[in-house]
Amino acid sequence: MTASVRRHDLWAHALVHRLRQFGVEDVGVAPGSRSTPLALAARARVPAAGLRVHWDERGLAFHQLGHALATGRPAAVITTSGSAVANLLPAVVEASQSGVPLILLTADRPPELQGVGANQTLPQDGLFGRFARTSTAFPPPEDAEPSALLGLVDKAMAAALGPHPGPVHLNLPFREPLEPEDGDVEWPHSDWVLADPSSIPEAEPPFPDLPDLPPRTLVVVGRIVQPAVRASLAAALRNLPVPVLADATSGLRSEAGVLSSYDLALTRGWPGDVSPEAVVTLGGPFVSKRLLQLLESAAPPVWVSVPEFPVIQDPTRQATHRLGPIQRGVVESLLSRIPGDEAWRDGWTDADRRAREVVEAWMGDGSPTQGEARLVAHLVRRLPEGTRLLAGNSLPVRHLDHVGGALPEGVEVFANRGASGIDGLVATTVGLAEGGRVTVGIIGDLAALHDLNSLALIPSAPGPVKLVVIHNGGGGIFRHLPIARRGGEGFETLFAAAHPWRFEFAAAMFGIPYRRVAAGEDFDLGAWLAHPHSGILEVAVPPDGSVRESRELAARLA
C-alpha cells in the first residue's frame, strides 16, 4: 500500500466490508464516474460471483430485488450521481411494498457543489421519500470520524433488516480526485476499526388477545415473501378442520390439504351458497378479485387479519381484529380455536376438486399454445423440480391463480405484487436465477417491451433463464374491463396499445436462443423447459383469447 491512501478509498472499502458483515454478498454496479471509489471497493471486497454490472440502473435495481427474493439476503446497488439515482425509484417502490431489503448506495457531489449549478447534480437525499425505510445523507469521508460513518451504516442496516424490512438509501458524497492512487488498499487498515456490528434485536409484539372463531371459518393465505414465514405457516396449516385457500403467490400450493382452484370454483358463488361466518387472512394481498368481492359482500362478523409485516392489510376495511406480524405461536394458537365443521370443509373440498377436474379436461381439449390461460396451465404442470417461476403482473399471475392449481413439489413462485407494476420483470426474473437454479419468467408482450434493456442480463445469468412472452397484441387485461365494451380505435390505441413488434431481433441482438410459436401450433413445451440453456419463447395468441377462455371455463363449470 502506498504511504497515503485517499480517505474516500478507505471509507468505500470499509463500507463494503461492513455491508458484508450484515449479509450483503451481492452488489450490482451501474457504470459511472462519481461512484468510482464504491465500484472499485465492491470489485475488491465482493466475491466475483456476487458482482453484477449493468448500464441500466432501473433494470439493475430490479435484478438485485430478484436476487434478494431468491436468497433471503439483502442485496446492494451502486450508482453514480444525478438522474441515475432517480432510475432506482420503481424498484424501490416494489421493494418497499414487498418488504425486500434493497441497499441503495448512491454517489453524490460534495456539499460545496450542491445548489450552484454543478453538472450532474440534484438533491438526492430523501429522493425516495416514504418508500425508503430510512435515508441517510453521509458527510464526505474527509469530514467525519470513521466510527461515526460506520455507526450510520449500522443504523441504516437495522432499518433494512428490522421487523418491516425494506429498502434503505445511503447517499455518499465524494470529492475529486476519484481515481485511486497507485497500490491496493490493504485490509484491515489501522484508521478504520471494524468490530462486528451489534446484533439487531427482533421486535416481539405482545401476545394478542385472540378471538374465538366459529366452525364455518375460512382461512386465506395471501402473498408470503420470507421463506421462514412460509415454512412456519406450512406447519401451522396442516390438518386444519376448515378450508385453507392458498394464493398463487403464497408459496404453499404444493402443500397437502390446501385448496388451489378456488378462484374458478367461486365463479358459481360460495360452495353450497353458504357464506363464511369468519375469515382469517394470513400474509399479504391475494390475487383473486372474485374472492375479495365475495368476502366484501358477505361481510363476515369476524375478520382476522394477520399480515407478514407490521402494516395494515385490510383493503375492504372490514377487519374486526388486526394482529401481527405473523409470529410463531400466535398463528398456531389462533387456528387451534377453530372447532371446524366437517360438512363446511367437505363442501369446499368438493368444489375445488370439481374446478380442478374442469381445468384438466379443458386442457386436454386444446393445444398448450392455443391460448394464454392454457399456456400457463400447461407450463406450470411441466416445470422441472426446483424451478423458480416469476409470474408477470396483469394477466399471467391471474391465469396462474385461476388455472394453475397445485404446483409441483419444489417449485417456487415469485411475483412483483408489492406495487403490481409491469416494469422490471425481465430483470427480476434474471435476479432470481441464483445458485444455478432454472428460472422461468412468464410475462406479457408490453412487459417485455418495457424491460428490453434487461435482456442483456440473461446471457451471464448463473443459471438457465427461460423467458416466455405471451404476445396478445398489447394490454390484454384491458379486454376484461368494462372499457373494452366500447371498442373502437380509441380502445385499441389508449388501452390495448396494440403493436406489430416481435422479439426475434431483440433476442438475436443479445445472443439469446429464440423461438416463436403461433396460436395452436404443436410445440413440445416440456422439452423446451428441460433444455439446459436460456431462451426466449414468444407465443402469439388471439387478442381476445383470454376473455373467451375465461367464459369457456365458467360455462364448463356450470
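Taken over the range 145-163, the criterion of being surrounded by 13 or more Cβ atoms within 10 Å (Cβ to Cβ) and not in a helix (DSSP H, G or I) is satisfied by 161, 162, 163. Under the condition of being more than 23 Å from residue 411 (Cα to Cα) and in a loop (DSSP other than H, G, I, E, B), the residues counted in the range 517-549 number 9.
The single condition among (1) closer than 24 Å to residue 387 by Cα; (2) in contact with a Ser or Thr (Cβ under 9 Å, 6 or more places away or on another chain); (3) not hydroxyl-bearing (Ser, Thr, Tyr) that residue 533 does not meet is (2). Considering only residues that are touching a His at 6+ places or on another chain (Cβ under 7 Å) and either outside the structural domain of residue 396 (by TED's automatic domain parsing) or crowded, with 24+ Cβ neighbours inside 10 Å (or both), which ones fall in the range 412-427? Result: 427, single match. Selection of the range 101-115 for residues being under 34 Å from the mean Cα position of the chain (by Cα) and farther than 14 Å from residue 169 by Cα yields only 109.
For the range 116-129, indicate whether the set of residues that are buried (at least 22 other Cβ atoms within 10 Å of the Cβ) and within 31 Å of the chain's Cα centre (by Cα) is non-empty. The answer is yes, given that some residue of the range 116-129 is buried (at least 22 other Cβ atoms within 10 Å of the Cβ) and within 31 Å of the chain's Cα centre (by Cα). Go through 238, 290 for me and flag whichever is of a type in the set (Lys, Arg) and either surrounded by 24 or more Cβ atoms within 10 Å (Cβ to Cβ) or in a loop (DSSP other than H, G, I, E, B) (or both). From the options 238, 290, the qualifying one is 238. The residues in the range 289-311 that are under 24 Å from the mean Cα position of the chain (by Cα) and under 28 Å from residue 264 (Cα atoms) can be counted, and the count is 8. Put simply, of 491, 523, 495, 505 the only residue that is farther than 22 Å from residue 375 by Cα, at pLDDT 90 or above and of a type in the set (Phe, Trp, Tyr) is 505.
Annotation note: Cβ proximity below 6 Å between a residue of the range 166-179 that is within 20 Å of residue 142 (Cα to Cα) and a residue that is surrounded by fewer than 18 Cβ atoms within 10 Å (Cβ to Cβ) and of a type in the set (Gly, Ala, Ser) (sequence gap 6+ or interchain) occurs for 171/137. Looking across the range 493-534 at every residue that is touching a residue at least 60 places away in the same chain (Cβ under 8 Å), small (Gly, Ala, Ser) and touching a Pro at 6+ places or on another chain (Cβ under 7 Å), the one that is farthest from residue 462 (Cα to Cα) is identified as 519. Inclusion of residue 50 among residues that are touching a Lys or Arg at 6+ places or on another chain (Cβ under 9 Å), of a type in the set (Gly, Ala, Ser), surrounded by fewer than 24 Cβ atoms within 10 Å (Cβ to Cβ) and modelled with pLDDT under 95 is not warranted.
Selection of first residues in the range 276-291 that are over 26 Å from residue 339 (Cα atoms) and of second residues that are part of a loop (DSSP other than H, G, I, E, B) and among the aliphatic types (A, V, I, L, M), restricted to Cβ pairs under 8 Å at least 6 apart or on distinct chains, gives the following pairs, ordered by first then second residue: 287/248.
The values are calculated or read from the model by the stated rules, or taken from the named source; none is laboratory data. These numbers come from a predicted model, not from an experiment. Positions of Cβ are generated from backbone atoms using ideal geometry, with glycine treated the same way; all protein chains shown enter the neighbour counts.
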